[in-house]
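Q: Attaching a single structure in C-alpha cells format; questions to follow.
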Amino acid sequence: MDVQPDSAGRPLDRRAELSEFLRSRRARLKPQDVGLPDFGRHRRVPGLRREELAQLAGVSVAYYTRLEQGNGRNVSAEVLDAIARALRLDDAEQAHLTHLAKGKQHKKKALGRAQQVRTSLAQLLDTMDGVPAYVVGRRSEILAWNRMAAAVFGDWAELPAGERNWARLVFLRPDYRDLFVDWEQKAIDIVCTLRMDAGCYPDDPRLSALVGELSVKSADFRRLWATHDVKEKTHGVKRLHHPLVGELSLSFETFKVPGDGDQSMVAYHAEPDSASADGLRLLDSWGRDATRVPSSP
C-alpha cells in the first residue's frame, strides 16, 4: 500500500518510498524479460520474485530483502548500480533510487525559503518576443514567465502566489483539463517530476503538504502517484485547445538553469509556416489583450 503524506506537511517516509519504489519496479518485470526461465507455476505476486531479482543483481536474498524493506542506509553505489541494471531502470529511475537509498537531509530553513529567479533570467524571458517561456522550480512551482506564456497558458499574475503551480492547475482546475488535448500525459509528466522532487527532498514540508492536498482532492492524482513512476521530460510536443485561436501544436525544450539545478526554463515554438505559428503570431499581435485569464476552479 502506498504511504501518503498528509496535508499537515509531515515529511515523506524515505524508507517507505524506497520500499514501494523497488516493489513497483520489480512487479513490472517478467522472468522472460530478463532471460530467466518461466516454468509456468502460479505466482503469488506479479513480476519477479525477490529471489530472482537478487540472483540477477548478484546479491544475497537477505541483503536485497533488507533493501526492499527500506533499509538502504549502508548500501554501496556498486550494489545500487547492480540492482538498477537488474531492474532495467533508466537514468531518471536510477537517480531516484540513489536519492531514496542514500539521500541527504536538507535544512528546513533552506527548504522553506521562497525560490527566487535571477533578475537577468527574468529579463531574458521578457526579451523572447513571440516565444512562450517560463521558469519552473521545485514542487512544479511557476516562478517567472513572459507575456506570450500568459497568452498561451493563462495570466498567472492574477493568481495568488501559492496557486502558481502546475500540479494545482492541472489537477484542480477544470479549465486546464480542457486546455491540454492529451491531459492524461500532462498529468503523468507532472506526477513523475513531483516523484523525483520527493526523492531529492523528502523532508520538504511544502512538497509533502502539496502531495497530501492533491491526494485528498484528486482521484486522478492518487492513481498516478501510486505508480511510483519517475522520468525527466526535457522536450516534446504539446497540443492545446486555446479558447481564442483554436488548436495549437507546440514543441518545447527544457533547459536547466545554470547555478540552480532546481530551476528549469521551458520554451515553446511552432513549426514554421504552420497554423500553430499563425496562432502564436495572432496572440503576439494582440498584446496583453490576448492574455487568457484562468477561470475559477
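The values are calculated or read from the model by the stated rules, or taken from the named source; none is laboratory data. These figures come from a predicted structure and were not determined experimentally. Here the Cβ positions follow ideal geometry from the backbone for every residue, glycine too, while neighbour counts run over all protein chains shown.
Q: Any idea which of R118, R88 is surrounded by fewer than 17 Cβ atoms within 10 Å (Cβ to Cβ), modelled with pLDDT of 90 or more and in the same structural domain as W156 (by TED's automatic domain parsing)? Walk me through how you get there before you give the answer.
A: Numbers: R88 fails: in the same structural domain as W156 (by TED's automatic domain parsing).
Going through R118, R88 in turn, the sole match is R118.
Q: Which ones in the range 173-200 are touching an Asp or Glu at 6+ places or on another chain (Cβ under 9 Å) and either among the aliphatic types (A, V, I, L, M) or over 19 Å from H241 (Cα atoms) (or both)?
A: V181, A187, I188, V191, C192, T193, R195, M196, D197, A198, G199, C200
Q: Here is a list of conditions, (1) of a type outside the set (F, W, Y); (2) closer than 22 Å to L121 by Cβ; (3) surrounded by fewer than 21 Cβ atoms within 10 Å (Cβ to Cβ), and N165 meets all of them except one; can you say which number that is?
A: Checking N165 against (1) of a type outside the set (F, W, Y); (2) closer than 22 Å to L121 by Cβ; (3) surrounded by fewer than 21 Cβ atoms within 10 Å (Cβ to Cβ), the one that fails is (3).
Q: I need a count of the residues in the range 150-196 that are in contact (Cβ under 8 Å) with a residue 60 or more places away in the chain and either more than 25 Å from E20 (Cα to Cα) or not assigned by TED's automatic domain parsing to the domain that holds H241 (or both).
A: Of the residues in the range 150-196, 19 are in contact (Cβ under 8 Å) with a residue 60 or more places away in the chain and either more than 25 Å from E20 (Cα to Cα) or not assigned by TED's automatic domain parsing to the domain that holds H241 (or both).
Q: Take the conditions among the hydroxyl-bearing types (S, T, Y) and closer than 30 Å to A16 by Cα and apply them to T234. Does it pass?
A: Details: among the hydroxyl-bearing types (S, T, Y): yes; closer than 30 Å to A16 by Cα: yes.
It is true that T234 is among the hydroxyl-bearing types (S, T, Y) and closer than 30 Å to A16 by Cα.
Q: Looking at the range 71-85, which of the residues that are closer than 29 Å to Q32 by Cβ and modelled with pLDDT under 90 is surrounded by the fewest Cβ atoms within 10 Å (Cβ to Cβ)?
A: Filtering the range 71-85 down to residues closer than 29 Å to Q32 by Cβ leaves 72, 75, 78-85.
This time we only want the ones that are modelled with pLDDT under 90, so: 72, 75.
Numbers: G72: 23, V75: 20.
Result: V75.
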